[in-house]
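Structure, as structure tokens:
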Amino acid sequence: MLYSQEQLDEINRQNEIKELETLAENDPDTIVVYLPDNYEALIGKSADDFANGFKSAVDFLASRLNYYNGDLNRLADELGYDDVSPNRFDFVLDLGNYGDDLLEFIKDSYQCETLTSYLGI
């Protein structure tokens, strides 16, 4: 049986939802991070099995920095720090103040929710 592209897209979407539900059941601490331009990322122990998924907050921030070709100013802009010098310095201070809890920094800087909430389970 041949499927239309629309049918294939729906099958793929349903399969991805099932995989996400399994991830949410196995790791309820996985979070969904809402990125600019309507993109989303996952951070969790097994999230790196998915496109735009990361095992740790460090991996996620490194990816965002890589996305901006190493430009900390652009990353700071994404996080809501404007281009006024003291505010960019606040970005660096905040990174240091969160210390080893970069996941909390991400939760405070981006709109996030748990994967279970995202899926409504």
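General observations
- Per residue value of the accessible surface for the chain (all protein chains in place, 1.4 Å probe), Å²: 66 Å²
- Stokes-Einstein diffusion of region 69-118 at 25 °C, 0.890 mPa s viscosity, Kirkwood radius from Cα pairs, rounded to a whole number: 207 µm²/s.
- Using Cβ point charges alone (K and R +1, D and E -1), the dipole size of region 1-108 about the Cα centre works out to roughly 200 debye.
- Angstrom value of the Kirkwood radius, inverse mean 1/r, which spans all Cα pairs in the chain: 15.8 Å
- Rounded to the nearest 0.05, the FRET efficiency derived from the C-beta distance between residue 92 and residue 46 at R0 = 25 Å is 0.20.
The values are calculated or read from the model by the stated rules, or taken from the named source; none is laboratory data. What you see is a predicted model; the values in this text were computed from it and never measured. Neighbour counts run over all protein chains shown; Cβ positions are idealised from the backbone, glycine included. These accessible areas exclude ligands, DNA and RNA; they are computed on the full protein's heavy atoms, side chains included. Shrake-Rupley method; radii C 1.70, N 1.55, O 1.52, S 1.80 Å.
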